[in-house]
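Quick notes on the structure that follows.
Where a number appears in this text, it was derived from the coordinates with a stated rule and is not lab data. Worth saying up front: this structure is predicted, and the values here are computed from it rather than measured. Every residue, glycine as well, gets a Cβ built from its backbone with ideal geometry; the counts of neighbours run over all protein chains shown.
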Amino acid sequence: MTYQELWQTVLAQIQLNISPANFATWFANTKIVSQEEGTVFVSVPNSFAKEWLEQKYNKEILRILRALDGSIKEINYRIDFPAAKAKEPQKTPEHQELPAEQLGFAELEVDKETNLNPRYNFQNFIVGPFNELAYAAAEAIVKDPGKVYNPLFIYGGVGLGKTHLLQAVGNELSKRNPPCKVKYIPSDKLISTIVNSIRNHSIDELKVNLRKVDVLIVDDVQFFAGKEKTQEEFFHAFNDLYQRSKQIILSSDRPPKAIPAITERLKSRFEGGMVADVSLPDYETRLAILKQKAVEKNADVQIKILEYIAANIQKNVREIESALNRLLVFQKINNKTPNFEEAKKLLRNVIVSPSKFTNPTKILQAISEFYDLEDKTLFCSSRKKEFVKPRQLAMYLLRKELSFSFPAIGRKFGGKDHTTVMHACHLIDRELQDNDKFSQEVELILQKIYTLDA
Ligand code: ADP
Ligand code: MG
């Protein structure tokens, strides 16, 4: 077997078990260059691929090689084309302390030149299985901008850290010595700038300005959809930067292919470098992010509460953060940290995503199902306890979740007086505070309400 055949066999097997994006990233331009006394020398294109293969894939590669040739004992990864010597980016000290006024909610100042917000950095970015590919690519770019992955295209759902990661790269690169000239532009801003420049006949000026950057970061390029003029201008700017090995970093809420109304030539540019996704963080990572944010915001929150948030908010890191902010508001107003019950109460509407649609039918249905009642029972006027409580809860939730007026709720329940409804809501409110078991029930009902099919 030639080296090439040997390596091809390894690659063929590896490929079966990893995603195409990962495969292309770590195994492109790798080959076996020699074999001496049980050691196989594999050439890799950069230090980054070296690290990654050594740490993540070595065992698997070795296993495959040994099955083919029992005399192989170890693998040595060598960098074939040493990357241009770039200075290591200066790292800010870990656990950097923020001035007291900035703790909590104040945003750090956005740099006027780069548009970067210094609060987004690598030190406070938590890496987990859901974002490690994007993170790894970002780190590679910091080491060697314009060379390894150009463009880097990161996609994923809302609130999953795309902007954070993009800006972290920008911040690192603009801090290096000599600094890279970085420009971060949200795509809607770029669109309006282009439209205005065309209107004011200053498009040439804009072009000159864009040409000056070393690193261009455009966030949320899905908004380019249907914006033909912007696409055209951006296409030219892209080519110009790309040809001069300037780094381009893009983000979107979906992969290039799935962006509608965007020209093929631009799409193929987007896909021409590295495309990496960020997906949903797992529980451990969510908890790690929360701990990190709590430290950053100087929030003294019980670990039990952090766990509760991490367990219940699963789809969006931004929502995780806003849950924490809600607790901080409480802390500021009341001058004490919330206890578990208070926290749960504060977080009710964050935990069951308020953005999700609900309606009276769903609320009534969820309550009936939960208490195993027939549909109409909620509206009967029986004073039996097992009916009264669910009925009061239904009133309470119509008020709380849908902001129904008290008289409107009264009418819905067979013409009851609005004071009766107010009283019911008050009783439930108190019960929720006093009765742990009941508030858990309500939590479950709320979850049901927001997960029922339309
Ligand atoms: P996106 O751009 O994907 O919508 P953002 O980058 O704006 O999301 O992230 C939303 C919030 O969540 C930000 O405050 C960001 O700092 C935080 N965040 C997201 N992912 C992470 C992470 N992996 N580590 C730390 N914070 C994160
Ligand atoms: Mg964003």
Worksheet item: How would you classify the stretch 256-403 from its alpha-carbon gyration tensor, with a ≥ b ≥ c the square roots of the eigenvalues: rounded for a/c under 1.5, else prolate if a/b is greater than b/c, otherwise oblate?
Response: oblate
Response to the item:
Long-range amide H partners of VAL33, meaning residues 5 or more apart or on another chain whose placed amide H is closer than 5 Å, are PHE41, VAL42, SER43
Worksheet item: Can you list the aspartates and glutamates whose alpha carbon is less than 15 Å from that of LYS304, not counting same-chain residues fewer than 8 positions off?
Response: GLU284, GLU341, GLU342
Worksheet entry | Karplus (6.51, -1.76, 1.60) ³J(HN,Hα), θ = phi - 60°, over the stretch 249-265, in Hz, Gly and Pro reported as x | 10, 10, 9, 7, 7, 8, x, x, 4, 8, 7, x, 6, 9, 5, 4, 5
Worksheet item: Ranked highest first by average number of other Cβ atoms within 10 Å, how do 321-331, 338-348 line up?
Response: 321-331, 338-348
Response to the item:
The extension gain from GLU341 to GLU374, computed as 0.36 nm times the residue separation minus the Cα-Cα distance, is 8.7 nm
Fill in: Three-way shape call for the chain based on the alpha-carbon gyration tensor, with the a/c threshold at 1.5
prolate
Fill in: Relative contact order (%) - the stretch 290-415, alpha-carbon pairs under 8 angstrom, separation at least six
17
Discussion item. Below 8 Å, C-alpha to C-alpha, sequence gap of six or more: please give me the relative contact order for the chain in percent.
Written reply: 12
Fill in: Listed peptides 221-228, 150-157 by packing density, highest first (mean Cβ within 10 Å)
150-157, 221-228
Worksheet item: Which aspartates and glutamates have a Cα lying under 16 Å from the Cα of LYS143, excluding residues fewer than 8 positions away in the same chain?
Response: GLU51, GLU88, GLU172, ASP214
Response to the item:
Among beta bridges assigned by DSSP with both residues in the chain, the antiparallel ones amount in percent, to the nearest 5, to 15
Worksheet item: Quick one: which of 258-264, 158-164 comes out on top by average Cβ neighbours within 10 Å, and what's the full order, highest first?
Response: 158-164, 258-264
Discussion item. 7 Å from Cα along Cα→Cβ at both SER322 and LEU62: what's the point-to-point distance in nm?
Written reply: 4.8
Practice prompt. May I ask you to sort HIS201, HIS426 by Cβ crowding, counting other Cβ atoms within 10 Å and putting the fewest first?
Written response: HIS201, HIS426
Worksheet item: Once you list every other residue whose beta carbon is under 12 Å from the beta carbon of SER245, what net charge do they have if Lys and Arg are +1 and Asp and Glu are -1?
Response: 0
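Can you classify the stretch 142-216 as rounded, prolate or oblate using the Cα gyration tensor, where a ≥ b ≥ c are the square roots of its eigenvalues, rounded means a/c under 1.5, and otherwise it's prolate if a/b beats b/c and oblate if not?
It comes out oblate by the Cα gyration axes.
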